[in-house]
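Undergrad: What follows is a single structure, and I will ask about it in a moment.
The values are calculated or read from the model by the stated rules, or taken from the named source; none is laboratory data. Just so it is clear, the structure is predicted and the values come from calculations on it, not from any experiment. Note that each Cβ is placed from the backbone with ideal geometry, even for glycine, and that neighbours are counted across all protein chains shown.
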Number of protein chains: 2
Amino acid sequence: MTVSFKNGKASRRQFLTGAAAAGAGTVAASVAKAAGDPLITEKQVWAQATGDGVDATPYGLPIEFESDVVRRNVEWLTADTISSINFTPIHALDGTITPQGCAFERHHSGAIEMRKEDYRLMINGLVDTPLVFTYEDLERFPRENHVYFCECAANTGMEWAGAQLNGAQFTHGMIHNMEYTGVPLRTLLNEAGIQTEGKWVYVEGADASSNGRSIPLEKALDDVLVAFKANGEALRKEHGYPVRLVVPGWEGNMWVKWLRRIEVTNQAVESREETSKYTDTLADGTSRKWTWVMDAKSVVTSPSPQAPIKHGKGPLVITGLAWSGRGAITRVDVSIDGGKNWQEARLGAPGSKGAMSRFYLDINWDGQEMFLQSRAHDDTGYVQPTKTQLRDVRGLNSIYHNNCIQTWWVRSNGEAENVEIS
Amino acid sequence: MTVSFKNGKASRRQFLTGAAAAGAGTVAASVAKAAGDPLITEKQVWAQATGDGVDATPYGLPIEFESDVVRRNVEWLTADTISSINFTPIHALDGTITPQGCAFERHHSGAIEMRKEDYRLMINGLVDTPLVFTYEDLERFPRENHVYFCECAANTGMEWAGAQLNGAQFTHGMIHNMEYTGVPLRTLLNEAGIQTEGKWVYVEGADASSNGRSIPLEKALDDVLVAFKANGEALRKEHGYPVRLVVPGWEGNMWVKWLRRIEVTNQAVESREETSKYTDTLADGTSRKWTWVMDAKSVVTSPSPQAPIKHGKGPLVITGLAWSGRGAITRVDVSIDGGKNWQEARLGAPGSKGAMSRFYLDINWDGQEMFLQSRAHDDTGYVQPTKTQLRDVRGLNSIYHNNCIQTWWVRSNGEAENVEIS
């Protein structure tokens, strides 16, 4: 595949002087040109008082014109609504916080409903005093606030076999990034008193699947949270109301929802969810297990198949998300020619451990086709691999932990498509 | 008023060893004690698969059990729903991010509905080239992400006259804190080219009130954003969809919604909204004007009148919010005896300029009445004043800019009330 593309990053000065715009078609219209625009010259219906206050909507919903910014399922991926995956519309969002309303969720046996009053959390196993906490009990322990991403191990999983799903929402939307409030798990474990033989915790939820997972005690005592708020308010039902586990940097299925029980054990339980699922089958048929950490990864969210360029050539904002389960994002590179040349993108804010970063590359698009890629770096020195590099190591049998560089083919008409290049 | 109260901050070690809990009544029940609890011993209805996936709710709403966590109005404050104030339920939130759905909003002539396609922003006045931007045009300029609080100048305004409104939602809820994505206003102004005589901008919205306000050019070129996303997604209708102004640290009425026009002028316009309103009448009848910046302020959100203590004595989390329009919050002190003694609270994260901070003080409550106060410090060295100090300087005629220390009288039964002490 040969890509001929000449482009340059529009400098700040170009934007400030309007030179970029002038060179490639003006971004804004002059007032003289806009003189006949009835949206300016005529009085609009909204320029009169309306009785439509917020009293009718104590909890405000997105405006009707944004009805496409919603979670979506891929029907052929899940056979029923009991076990479903709902993808975040990352192609339509900006910044780093994911609103709960459209934050991805995956459950194994339904999104259950439980009152706070009915909530119980048991800590048992190798502890001095097995304990049962009510929701009100949890509210009495010192709390912390942290912004963390939660990514499903299967995010981008369909792409092992080729470029299959045509949109960032579907290739990379099994992720969200929220500000959690909760009690450190170590506080509760220490309240019960961990016996010296205790080396693991086994965590399970109150839903039918129970979704039991083993977590090494070292992690459990490090940064795991027993969380009851996300982005300031109570968890949504589908995110585990009233209490879920937050396991920073580790795969989403360990973030057990409707958290019911934590058993301190001397070894891993090797449950269904960590043997038949959530292991990575290699080329020789053996499986990697305990692949908990989500490696550094990134994706361009716009332009992308669901977010084509509609304005033609000239100034263009390329933007996307980057994250790493091992640390903070330190840098993101963007290529418009399929990885031949890279430009360092601008981060919206300094990277933070376990949290998503937003990146931007502001270019002056010449209207020629692009093969858009992004490449994340984290503070351990890890660099996001290409699809070829990843397949060389892991083969083609995997479902989980695909963190390869994604390519969008952007045509000169601005439409984009999921492609592979090699 | 004499307050006799002996209390100590529960140390980390006390919590970790359970000593705090043991000394004041156990927080969690032992498994032995909980043996008869049917919520543990019986199979629950939610422990069976449910078909209630998220496919039916592409945009997830709060669970029905949280229906009290909503915006509320104070009927006697506003006569109709055209001009309304809807207060954030800060007493029920945690962390720092305010979800858009329950984020306060105030409008002067209705929350209008406008399609992105119908959006126009004009920059005119003392510029080289008057320009008109469409929504799509704005999306082509380099964007920034920042978390900022937006506080109404009248927040806490009813408290000038005494302790009037019984709840943090009503005394301090005209505020929210969100992650904004937008284009710096200076980028757009420079695109039009500011003439040397230009010293101010006059900004107005597309609603009937137009809510015009004058902003000094120095601020307009500093950190003001033309924003189109909050917490990642499009603005809610009532927050100015599709585009609002973000004026960090300055009073909320300058954050013009449904932003329509920005005129560069050589002097302030002295509009209705900055003369008949939003000036501060002093004791001698003269008025302070151009009181744009919101001074450092804080409030305990829990316990508070709407969030009483239900669990009795023992470990108690005291939490609240602090913010400053002049810089970052560096410290918050909490008093449980009406300001006689102060303890430094723990910040949930280091303070950030123009953004809210969450604070916590973890105590072992002895069950005696408390007079709860919080006191914010910012990085300019400013310290939040008492009500008496504020009245000494500003008199009793003001409506706006009341940033005094708030007092909640917490009775031994855990109920709390808005009181004044002197």
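To keep it simple, each residue is scored yes or no on (1) touching a His at 6+ places or on another chain (Cβ under 9 Å); (2) surrounded by 23 or more Cβ atoms within 10 Å (Cβ to Cβ).
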residue: B:Leu217; (1), (2): no, no
residue: B:Asp222; (1), (2): no, no
residue: B:Leu235; (1), (2): no, yes
residue: B:Val243; (1), (2): no, yes
residue: B:Val246; (1), (2): yes, yes
residue: B:Gln267; (1), (2): no, no
residue: B:Thr291; (1), (2): yes, no
residue: B:Val300; (1), (2): no, yes
residue: B:Pro305; (1), (2): yes, no
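Undergrad: Quick check on B:Phe104: is it within 30 Å of B:Asn418 (Cα to Cα) and among the aromatic types (Phe, Trp, Tyr)? Walk me through it before giving the result.
TA: Numbers: within 30 Å of B:Asn418 (Cα to Cα): yes; among the aromatic types (Phe, Trp, Tyr): yes.
Considered against the rule, which asks whether it is within 30 Å of B:Asn418 (Cα to Cα) and among the aromatic types (Phe, Trp, Tyr), B:Phe104 comes out as yes.
Undergrad: Assigned to a loop (DSSP other than H, G, I, E, B), more than 7 Å from chain A (Cβ to nearest Cβ), in contact (Cβ under 8 Å) with a residue 24 or more places away in the chain and crowded, with 17+ Cβ neighbours inside 10 Å: which single residue out of B:Val69, B:Val74 fits that description? So that I can check it myself, show each step before the final result.
TA: Values: B:Val69 fails: more than 7 Å from chain A (Cβ to nearest Cβ).
After applying the criteria, what remains is B:Val74.
Undergrad: Right, something else. Please indicate, with yes or no, whether at least one residue in the range B:310-321 is of a type outside the set (A, V, I, L, M), farther than 26 Å from A:Leu138 by Cβ and within 19 Å of the chain's Cα centre (by Cα).
TA: Kept after step one, since they are of a type outside the set (A, V, I, L, M), are these residues of the range B:310-321: B:310-315, B:319-320.
From what's left, farther than 26 Å from A:Leu138 by Cβ: none.
The answer is no, given that none of the residues of the range B:310-321 is of a type outside the set (A, V, I, L, M), farther than 26 Å from A:Leu138 by Cβ and within 19 Å of the chain's Cα centre (by Cα).
Undergrad: To continue, here is another question. List the helices (runs of 4 or more DSSP H) inside the range A:115-206, counting only whole elements, that have at least 3 residues being of a type outside the set (Lys, Arg) and under 25 Å from B:Gly314 (Cα atoms). Break it down into steps so the answer makes sense when it comes.
TA: Working: elements: A:135-138, A:168-172, A:185-192.
Ranges flagged: A:135-138, A:185-192.
Undergrad: Test each condition in (1) within 7 Å of chain B (Cβ to nearest Cβ); (2) modelled with pLDDT of 95 or more for A:Ile90 and report the one that comes out false.
TA: The number of the failed condition is (1).
Undergrad: Return the pair list, or none, for Cβ contacts closer than 6 Å from residues in the range A:125-145 that are touching a residue at least 24 places away in the same chain (Cβ under 8 Å) and closer than 14 Å to B:Ile40 by Cα to residues that are part of a loop (DSSP other than H, G, I, E, B) and of a type in the set (Val, Ile, Thr), at least 6 apart or on different chains.
TA: If the second residue must be part of a loop (DSSP other than H, G, I, E, B) and of a type in the set (Val, Ile, Thr), the pairs left are A:Pro130/B:Val31.
Let's see how each residue does on (1) over 23 Å from A:Phe141 (Cα atoms); (2) modelled with pLDDT under 70; (3) not assigned by TED's automatic domain parsing to the domain that holds B:Trp365:
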position	(1), (2), (3)
B:Ala10	no, yes, yes
B:Gly25	no, yes, yes
B:Ala28	no, no, yes
B:Ala34	no, no, yes
B:Ala49	yes, no, yes
B:Ser67	yes, no, yes
B:Val70	yes, no, yes
B:Asn73	yes, no, yes
B:Thr78	yes, yes, yes
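Undergrad: Taking the conditions exactly as written (surrounded by 24 or more Cβ atoms within 10 Å (Cβ to Cβ) and not aromatic (Phe, Trp, Tyr)), does B:Asn124 satisfy them or not? Before you say what the answer is, go through the steps one by one.
TA: Values: surrounded by 24 or more Cβ atoms within 10 Å (Cβ to Cβ): no; not aromatic (Phe, Trp, Tyr): yes.
Considered against the rule, which asks whether it is surrounded by 24 or more Cβ atoms within 10 Å (Cβ to Cβ) and not aromatic (Phe, Trp, Tyr), B:Asn124 comes out as no.
Undergrad: Scan the range B:113-130 and give yes if some residue there is outside the structural domain of B:Gly193 (by TED's automatic domain parsing) and in contact with a Lys or Arg (Cβ under 7 Å, 6 or more places away or on another chain), otherwise no.
TA: Initially, the range B:113-130 is screened for residues outside the structural domain of B:Gly193 (by TED's automatic domain parsing), giving none.
Within the range B:113-130, none of the residues are outside the structural domain of B:Gly193 (by TED's automatic domain parsing) and in contact with a Lys or Arg (Cβ under 7 Å, 6 or more places away or on another chain).
Undergrad: Output the residues belonging to the range B:176-199 that are away from chain A (no Cβ under 12 Å) and either touching a Gly at 6+ places or on another chain (Cβ under 9 Å) or farther than 27 Å from B:Ile123 by Cβ (or both). Walk me through how you get there before you give the answer.
TA: Taking the range B:176-199 first, the residues away from chain A (no Cβ under 12 Å) are B:185, B:195-199.
Answer for the range B:176-199, where residues must be away from chain A (no Cβ under 12 Å) and either touching a Gly at 6+ places or on another chain (Cβ under 9 Å) or farther than 27 Å from B:Ile123 by Cβ (or both): B:Gln195, B:Gly198.
Undergrad: Next up: Any chance you could count how many residues in the range B:149-162 are out of contact with any Lys or Arg (no Cβ under 9 Å at 6 or more places or on another chain) and over 30 Å from B:Asn124 (Cα atoms)?
TA: 4
For every residue, the table says whether it meets (1) without any contact (Cβ under 8 Å) to a residue 40 or more places away in the chain; (2) of a type in the set (A, V, I, L, M, F, W, C); (3) within 23 Å of A:Tyr400 (Cβ to Cβ).
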| position | (1), (2), (3) |
| --- | --- |
| A:Leu225 | no, yes, no |
| A:Gly232 | no, no, no |
| A:Trp250 | no, yes, yes |
| A:Leu259 | no, yes, yes |
| A:Ala268 | no, yes, yes |
| A:Leu282 | no, yes, yes |
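Residues checked against (1) within 21 Å of the chain's Cα centre (by Cα); (2) under 17 Å from A:Val226 (Cβ atoms); (3) buried (at least 20 other Cβ atoms within 10 Å of the Cβ):
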residue	(1), (2), (3)
A:Gly252	yes, yes, yes
A:Trp255	yes, yes, yes
A:Arg260	no, yes, yes
A:Glu263	no, yes, yes
A:Ser271	no, no, no
A:Tyr278	yes, no, yes
A:Leu282	no, no, no
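Undergrad: Ok, one more. From the residues in the range A:188-201 that are farther than 10 Å from A:Leu217 by Cβ and surrounded by fewer than 21 Cβ atoms within 10 Å (Cβ to Cβ), which one is nearest to the chain's Cα centre (by Cα)?
TA: A:Asn190
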